[in-house]
Amino acid sequence: MATAQAKAGRREWIGLAVLVMVTLIISMDMTVLSYALPFITADLEPTSGQLLWITDVYAFVLAGLLIPMGTLGDRIGRRRLLMIGAAVFGAASVATALSTSPGMLIGTRAVMGAAGATLMPSTMSLIRNMFHDENERRAAIGLWAAGFSAGGVIGLVAGGAMLQYFSWGTVFEINVPIMLLLLILAPLLLPEFRDPAAGRFDLLSTVLAFVAVLPTVWGIKQFAEHGADWPPVVGVIAGLIFLAVFVWRQRRLADPVIDVRLFRAPAFSAAVVMNVLANFALVGFMFFISQYLQLVLGLRPFTAGLWSLPAAGAAGIGAAVLAPMLAQRFRRAYVAAGGLLVGAAGCLVLAQVGDEVGLAQVVIGQALMTGGVAMVLTLSAELIVSTAPPERAGAAAGLSETGSQLGAALGVAILGSIGTFVYRQQLSGAAPAGVSADSWATARETLGGAIVESRSLTTVAADTLVTLARAAFAAELRAAAVVAAGILLVTAVLAAVLLRNVGASVPGQDTSGGSDDPATSPLAGGPVDTDTDAATVDTAPVPVGGVPVGAVAEGVGPAGGATGPEVRIGPPPAAPASTRPAHPVA
């Protein structure tokens, strides 16, 4: 019989605020570098290859290590890993700010990426331990997602403001006080959890996950920036081969890094697909907006960032308010599809921009798109973490974030390639009067190149070139907006179909909150009782040889309603032959 879950107290909600600050900082670090690059280039004088690695190494290492670090947190302790990551992230931020050479900057950014990979899955999986009531956990994940969504925009605004008055290193030093605060507050506010039945940490799987994700993301980004060529194609193919080997190994390990059998649960696989495709459309299209505001409408970086703040506010409302509120009343399929339709509507508004007037369309369309997609990202994160067994929440969180990174890379590559094709087609004619063939060839590559070339031309020729290039980029943005709208519409259909049997409650849970109890949840496959005390965690007797993954009940509707089909992941758990006693985790 289900028993009511305990409500979270003040300590849990204050602890959540600390976790949200961490996600905010990590998200900011993905965008704040964009405004600092001209200052870094002038100071350190990197080569073009070094500049590429300075820009991308953080995201590459972060994406490659998310899944292994999530699994490591399940084994050594999620709070412990969070604190280790915070200490390394803070130290690496200081080293990055003090870098005196391109090589040093690349190395310290790589360390920041590795530390960031410990922080992201730890924050999400700790929410699973801190909030046992379904509605409270949904709201907590909404706030977590809002912090991550808003961080990118805040990074643009904060970076633009700080660079007007301070050196480029200050955009990294802002991380330090947040990490110090986390190290002080984490032992006081956050619970510890690790799986006492976890087996050994498989180092080979960690290497396979890294070499599967990193060359894939690198190849996709290279394809977007430089077009089709052998190196990015080889990188993607190599990554896919290593991914196949990784999956093959996980299916044969008794203690895998990620249990691929989780994908047999429709709610879990649907959430991962939504996560990838929603980030594909959102991040891929955001690539165009910043350029449009600055290069077409002529706004300064800081001003452009300010006009993006409504989108950050819409993301916060969608993730922290609308998604939790609507998910309490309606089935996940309806809420997810509705959010995606709102996002698609925002894309269609963005498809109305012109080459001279378009600020209102950008502000309204971007707010609709980010608000709608943020709702979906909240639901997908909640489904992934809540559907996975509690002892595997860290690995599931790592998988969720890896899907986000992969979707973002695919979006930038594919939408960027489509946009480039449209841009070049718009400028396919002969060079205008007064524009040399070389300048015209450069202008046909990018809008930024066209603006640079215009500075060496006569006033009339420069005005003509810039006008044509801006009109071409506006057409590029409109085409990308239509494609993004199509992606979101397809994702809405997939969400409606794949989540049709998932009710207003998280799969495997009763709306009373009782079946979320780790000791009785069919997701756990075994008794795992977490104590929310910040110092220790006690566990009930656990079967020797690990905790088997149990049944996942799909389609739990409102209280008293009928349940949908049951999906069992893996073999039915056998009665344990023996048990081992619980032990504390310091």
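The values are calculated or read from the model by the stated rules, or taken from the named source; none is laboratory data. In this text the structure is predicted, and so the values were computed from the model without any measurement. Note that we place each Cβ from the backbone using ideal geometry, even for glycine, and neighbour counts take in every protein chain shown. These accessible areas exclude ligands, DNA and RNA; they are computed on the full protein's heavy atoms, side chains included. Shrake-Rupley method; radii C 1.70, N 1.55, O 1.52, S 1.80 Å.
Conditions tested, residue by residue: (1) among the small types (Gly, Ala, Ser); (2) at pLDDT 85 or above; (3) in a helix (DSSP H, G or I).
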position	(1), (2), (3)
Phe148	no, no, yes
Val153	no, no, yes
Gly160	yes, no, yes
Phe172	no, yes, yes
Met179	no, yes, yes
So Val422, is it touching a residue at least 12 places away in the same chain (Cβ under 8 Å), surrounded by fewer than 16 Cβ atoms within 10 Å (Cβ to Cβ) and assigned to a helix (DSSP H, G or I): no
Helices (runs of 4 or more DSSP H) enclosed by the stretch 246-353 - at least 3 residues per element that are of a type in the set (Phe, Trp, Tyr) and within 30 Å of Val211 (Cα to Cα): 266-291
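Output the residues belonging to the stretch 337-367 that are over 30 Å from Val466 (Cβ atoms) and either within 18 Å of the chain's Cα centre (by Cα) or open to solvent by 10 Å² or more (accessible area, probe 1.4 Å) (or both).
Residues of the stretch 337-367 over 30 Å from Val466 (Cβ atoms): 337-345.
Of everything in the stretch 337-367, those that are over 30 Å from Val466 (Cβ atoms) and either within 18 Å of the chain's Cα centre (by Cα) or open to solvent by 10 Å² or more (accessible area, probe 1.4 Å) (or both) turn out to be Ala337, Gly338, Gly339, Leu340, Leu341, Val342, Gly343, Ala345.
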Count of the stretch 295-305 residues which are open to solvent by 20 Å² or more (accessible area, probe 1.4 Å) and modelled with pLDDT of 80 or more: 5
Any hit, the stretch 251-260, residues being open to solvent by less than 60 Å² (accessible area, probe 1.4 Å), in contact with a Pro (Cβ under 7 Å, 6 or more places away or on another chain) and of a type outside the set (S, T, N, Q): yes
Test: residue in the stretch 156-176 that is surrounded by fewer than 21 Cβ atoms within 10 Å (Cβ to Cβ) and closer than 26 Å to Arg11 by Cβ: yes
Flag if Ala413 is closer than 30 Å to Phe268 by Cβ and crowded, with 24+ Cβ neighbours inside 10 Å: no
Residue within the stretch 200-209 that is of a type outside the set (Ser, Thr, Tyr) and under 30 Å from Trp307 (Cβ atoms) present: no
Within the stretch 441-480, considering residues that are in a helix (DSSP H, G or I) and without any contact (Cβ under 8 Å) to a residue 12 or more places away in the chain, the one nearest to the chain's Cα centre (by Cα): Gly449
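For every residue, the table says whether it meets (1) surrounded by 22 or more Cβ atoms within 10 Å (Cβ to Cβ); (2) at positive phi; (3) in contact (Cβ under 8 Å) with a residue 60 or more places away in the chain.
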| position | (1), (2), (3) |
| --- | --- |
| Ser205 | no, no, yes |
| Ala209 | yes, no, yes |
| Thr216 | yes, no, yes |
| Phe246 | yes, no, no |
Among the candidates Leu377, Leu399, residue that is under 25 Å from Leu489 (Cα atoms) and modelled with pLDDT under 85: Leu399
Lone unmet requirement of (1) among the β-branched types (Val, Ile, Thr); (2) modelled with pLDDT of 80 or more; (3) surrounded by 18 or more Cβ atoms within 10 Å (Cβ to Cβ) for Ile220: (2)
